[in-house]
Amino acid sequence: MIRRSLRWIVDRFGLGPIWDHVLDRNVPKDPWYHGDGMALLVLLTVLVVTGMLLSMGYCPAVDEAYRSVEYITKRQTLGWFVRGLHYWSGGLMVVMLFLHLCRQLLNGGYKSPREGTWLIGVLLLFIVLATSLLGYVLRWDQRGLYGLKVLLTAVQSTPGLGEKSVLLLQGGPEVTSLTLSRVFALHVVLLPMLLLMLVGYHLYLVILHGTTTLAERKEPIETVEEQREIYHEQAEHPVKGEVFFPTAVIKISPWSIVSLALAFGLTIVFGPRALLAPAANHSAEPVSEEWWFAWYSALVALLPPSIAPTFQWLFPMAVFIGLVLLPFVDRSPLRGWKNRPIATTLVVLLVLSVLGLSWLRYQSPWTAQAAAAVPATPAGFELAHEAEQGRQLFRQYGCTICHSVAGSGGAKIGSDLAQLDTIYSQTELRQYILRPPAGVAMPGYEGRISDDELEQIVAYVLVAQTFPRKQE
Amino acid sequence: MKRRTMAGLLVAAGSAVVAGAVGLPTLIAGLSPVWQPKQATWRPLGRLNRFAIGKVTPAAVVIDRRQWPKPAGEQAVFVWRPNDGEIIVYSRSCTDLGCPLEYEPGSGCFLCPCHGGIFAQDGRRLAGPPQSPLLRYANRIQDGVLEIDIASLPPAA
């Protein structure tokens, strides 16, 4: 009776072909670490489920959005957990997607006959990045508002189309309720729908063409026919092949288990991302991007200013076009990282750059901020009354924003006063402070400070020039 | 032409007509913000005597909450009156990536929290990644009230 019912369900719902062609299919044996794609699917499922719940509590109106997120986080039962899981899964998805991309670059996963799989994947990469940014705009706190502004400013720098695109994204000439409605529609409806459809298509192609196997990486493969022959020979081989479900699925599950464990662990330990002050263009709260964009923030901060405006629109476009053209440019028959030293070197450099830039971002936030403290005086130095007054004024007049003194304070924008190349005289210092030479990034103080104050600052700088170069 | 090819083309053409009938109006409605005529939008900042001569004063655009689409919040700006006759209203957006600038009265500089851009009181770039000077709104005085035209700057500013 039960068996008959099961057979009926399998037949009437057409589950047989799915079993035959998807779950019961033979695949070449893959190492355990090839499960990054499956981990992405698991994270996407978590994001869809948690996102559905969040969308039911969220209000996409400029006056209400922030409070609705606060409500979900603080008052809704387990709302903090669902929002935390959504936040961390989103960040982890960007990380896993980067790993997935690196692995395909290393192995030549874009080579024939998998160009279609690759191109859909490139689209997915950009959709995920856009969705991850628009997601934190929805919080409508300071980080969200400025995340959006940075995005729009970068879009605006595109020659010709820039301003029109901003009008389209913003829904008009300024950030209004229409902007938030658009971000909501994009993050909750349009992009996820596109994402799910393209993921489905990507997976269909993965089933049809398979993924780069160990055997394919051994020797050069000139034609698609050759590749298919090797692939199928491996898949149907009693030792070299295995059945997809459950054998292969279990073997490639570590990435998924680690991703899920991280998403749950980070949510329980840190909770969802703390809200900053509500979005307002008059708040003084310092802002920064989410951690998965830290590398990009470091990159644009370190660029020479002359190329920065071009870089902002050219970089994403160049990456997109580069990735799209890759399978047509790299026609070499070799696959696998061992046979492709150039690709391997480039990917190692890419990973090191992303990690290094992110690290730099957290080492030095580059924030120009009024320093809170006066610079310290090294041990063994006694400042005369006038110089001590000057030390206080040094902070009051914002000198500490740029200048450190013997390594104390300052954002290192200007010179450290204990490490000047030339020692200035009293007269030269007066001149410099009142009317800095042309081309020097220092505001002139003429007409803004009194003669007494000038003398006090000069007295301090004269002593500071003699400090040991670095304080212990 | 074969009968089947003919029929196939007919179906394709019919589908294209339906797709156009639904898709085109949707597309036009969606794209409409792009070709809205640019018109001056004057908004008050406050009475002129609130802004001292020789100083930089932070200010915020007063918003009428009844209007639609509802502005996202008060637009913060900086008013600089170098002398009696001249009024300059700066956008608060850094010209690098649009981050919110802070005014530091001690040095008379505008500081960017994102990547350390610094601007002088007269809007010149002094340090950091930005390349161009601070953006200035068109302004006017109406009955003793300082007003700016928020449409006088690019949409993301």
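The values are calculated or read from the model by the stated rules, or taken from the named source; none is laboratory data. If you're wondering where the values come from, they're calculated on a predicted model, not measured in any experiment. Counting neighbours? That spans all protein chains shown, and the Cβs are built from the backbone with ideal geometry, glycine included.
Give region B:114-157 a look and list any residue that's within 7 Å of another protein chain (Cβ to nearest Cβ), in contact with a Pro (Cβ under 8 Å, 6 or more places away or on another chain) and farther than 29 Å from A:LEU434 by Cβ, or say none.
Within region B:114-157, B:HIS115, B:ILE150, B:ALA151, B:PRO155 qualify.
Among the residues of region A:61-76 satisfying the criterion of being within 21 Å of A:VAL189 (Cα to Cα) and modelled with pLDDT of 95 or more, which is farthest from the other protein chains (Cβ to nearest Cβ)?
Out of the qualifying residues, it is A:ILE72.
Given the condition among the hydroxyl-bearing types (Ser, Thr, Tyr) and surrounded by 14 or more Cβ atoms within 10 Å (Cβ to Cβ), answer yes or no: does some residue in region A:24-43 qualify?
no
Table: residues versus (1) surrounded by 22 or more Cβ atoms within 10 Å (Cβ to Cβ); (2) in contact with a Pro (Cβ under 9 Å, 6 or more places away or on another chain).
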site: B:ARG47; (1), (2): no, no
site: B:ILE53; (1), (2): no, yes
site: B:VAL56; (1), (2): no, yes
site: B:VAL62; (1), (2): no, yes
site: B:GLY85; (1), (2): no, no
site: B:VAL89; (1), (2): yes, no
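Looking at region B:43-58 only, could you name the residues that are of a type in the set (A, V, I, L, M) and touching a residue at least 40 places away in the same chain (Cβ under 8 Å)?
B:LEU45, B:LEU48, B:VAL56, listed by residue number.
Working only within region A:439-454, note down all residues that are more than 45 Å from the chain's Cα centre (by Cα) and either loosely packed, with under 15 Cβ neighbours inside 10 Å or not assigned by TED's automatic domain parsing to the domain that holds A:LEU393 (or both).
Selection gives A:GLY447, A:SER450, A:ASP451, A:ASP452.
Got a sec? Which of A:SER353, A:SER358 is without any contact (Cβ under 8 Å) to a residue 60 or more places away in the chain and within 16 Å of A:SER297 (Cβ to Cβ)?
So the residue among A:SER353, A:SER358 that is without any contact (Cβ under 8 Å) to a residue 60 or more places away in the chain and within 16 Å of A:SER297 (Cβ to Cβ) is A:SER353.
Scan region A:270-283 and tell me whether some residue there is modelled with pLDDT of 95 or more and farther than 30 Å from B:SER93 by Cα.
yes
Which condition does A:ILE449 not pass, out of (1) of a type in the set (Val, Ile, Thr); (2) under 18 Å from A:THR422 (Cα atoms); (3) assigned to a loop (DSSP other than H, G, I, E, B); (4) at pLDDT 85 or above, if it passes all the others?
So A:ILE449 meets the others, but not (2).
Restricting to region B:110-125, and then to whatever is in contact with a strand residue (DSSP E or B) (Cβ under 7 Å, 6 or more places away or on another chain) and surrounded by fewer than 21 Cβ atoms within 10 Å (Cβ to Cβ), can you tell me which residue is nearest to B:ALA59 (Cα to Cα)?
It comes out as B:GLY123.
Which of the helices (runs of 4 or more DSSP H) contained wholly in region A:223-312 include at least 3 residues that are under 19 Å from A:VAL94 (Cβ atoms), among the aliphatic types (A, V, I, L, M) and away from chain B (no Cβ under 14 Å)?
Of the helices (runs of 4 or more DSSP H) lying wholly inside region A:223-312, those with at least 3 residues that are under 19 Å from A:VAL94 (Cβ atoms), among the aliphatic types (A, V, I, L, M) and away from chain B (no Cβ under 14 Å) span A:254-270.
Please identify the pairs in which a residue from region A:234-258 that is farther than 24 Å from A:LEU97 by Cα has its Cβ atom under 7 Å from the Cβ atom of a residue that is loosely packed, with under 14 Cβ neighbours inside 10 Å, counting only partners at least 6 apart or on another chain.
Correct list of pairs: A:VAL243/A:ASP24.
For the subset of region B:1-41 comprising residues that are aliphatic (A, V, I, L, M) and not in a helix (DSSP H, G or I), which member is surrounded by the most Cβ atoms within 10 Å (Cβ to Cβ)?
B:ALA40
Of the residues that sit in region A:277-333 and are among the charged types (D, E, K, R) and within 30 Å of A:ARG114 (Cβ to Cβ), which one is surrounded by the most Cβ atoms within 10 Å (Cβ to Cβ)?
Filtering first and then ranking leaves A:ASP330.
Take B:SER107 and tell me if it is among the small types (Gly, Ala, Ser) and either surrounded by fewer than 19 Cβ atoms within 10 Å (Cβ to Cβ) or on the phi > 0 side of the Ramachandran plot (or both).
no
If you take the residues of region A:122-178 that are facing chain B (nearest Cβ under 9 Å) and basic (Lys, Arg), which of them is surrounded by the fewest Cβ atoms within 10 Å (Cβ to Cβ)?
Restricting to residues being facing chain B (nearest Cβ under 9 Å) and basic (Lys, Arg), the top hit is A:LYS164.
Any residue in region B:110-130 that is in the same structural domain as B:ILE87 (by TED's automatic domain parsing) sitting within a Cβ distance under 7 Å of a residue that is aromatic (Phe, Trp, Tyr) and assigned to a loop (DSSP other than H, G, I, E, B)? List the pairs, counting only those 6 or more apart or interchain.
The qualifying pairs are B:HIS115/A:TRP366; B:GLY116/A:TRP366.
Based on this model, can you work out whether A:ILE230 counts as surrounded by 18 or more Cβ atoms within 10 Å (Cβ to Cβ), more than 27 Å from the chain's Cα centre (by Cα) and over 25 Å from A:LEU53 (Cβ atoms)?
No, not satisfied.
Among (1) surrounded by fewer than 20 Cβ atoms within 10 Å (Cβ to Cβ); (2) at pLDDT 95 or above, there is one condition A:HIS187 misses while meeting the rest; what is its number?
All conditions are met except number (1).
Has region A:246-260 got any residue that is hydroxyl-bearing (Ser, Thr, Tyr), on the phi < 0 side of the Ramachandran plot and surrounded by fewer than 16 Cβ atoms within 10 Å (Cβ to Cβ)?
Yes, region A:246-260 contains at least one residue that is hydroxyl-bearing (Ser, Thr, Tyr), on the phi < 0 side of the Ramachandran plot and surrounded by fewer than 16 Cβ atoms within 10 Å (Cβ to Cβ).
Those residues that are more than 14 Å from A:MET93 (Cα to Cα) and in contact with a helix residue (DSSP H, G or I) (Cβ under 9 Å, 6 or more places away or on another chain), I need them from region A:126-149; list them, please.
A:LEU134, A:TYR136, A:VAL137, A:LEU138, A:ARG139, A:TRP140, A:ASP141, A:ARG143, A:GLY144, A:LEU145, A:GLY147, A:LEU148
Six or more apart or on different chains, Cβ under 6 Å: which pairs go from a residue in region B:28-42 that's within 9 Å of chain A (Cβ to nearest Cβ) and within 11 Å of B:ASP149 (Cα to Cα) to one that's of a type outside the set (Lys, Arg) and loosely packed, with under 11 Cβ neighbours inside 10 Å? Could you list them?
none
Select from region A:439-472 the residues that are among the aromatic types (Phe, Trp, Tyr) and more than 29 Å from B:PHE110 (Cβ to Cβ) and list them in ascending order.
Hit for region A:439-472 is A:PHE467, nothing else.
How many residues, within region A:380-404, are among the charged types (D, E, K, R), more than 9 Å from chain B (Cβ to nearest Cβ) and surrounded by 18 or more Cβ atoms within 10 Å (Cβ to Cβ)?
The number of residues fulfilling the criteria is 1.
Tally time: how many residues in region B:64-83 are in contact (Cβ under 8 Å) with a residue 12 or more places away in the chain and surrounded by 14 or more Cβ atoms within 10 Å (Cβ to Cβ)?
9
Here is a list: A:THR345, A:THR377, A:THR422, A:THR367. Which entry is assigned to a loop (DSSP other than H, G, I, E, B), within 29 Å of the chain's Cα centre (by Cα) and among the hydroxyl-bearing types (Ser, Thr, Tyr)?
When all the criteria are applied, what remains is A:THR367.
Of all helices (runs of 4 or more DSSP H) completely enclosed by region A:1-111, which ones contain at least 1 residues that are free of Cβ contacts under 8 Å to residues at least 12 places away in the same chain?
Correct list: A:2-12, A:15-18, A:36-57, A:65-74.
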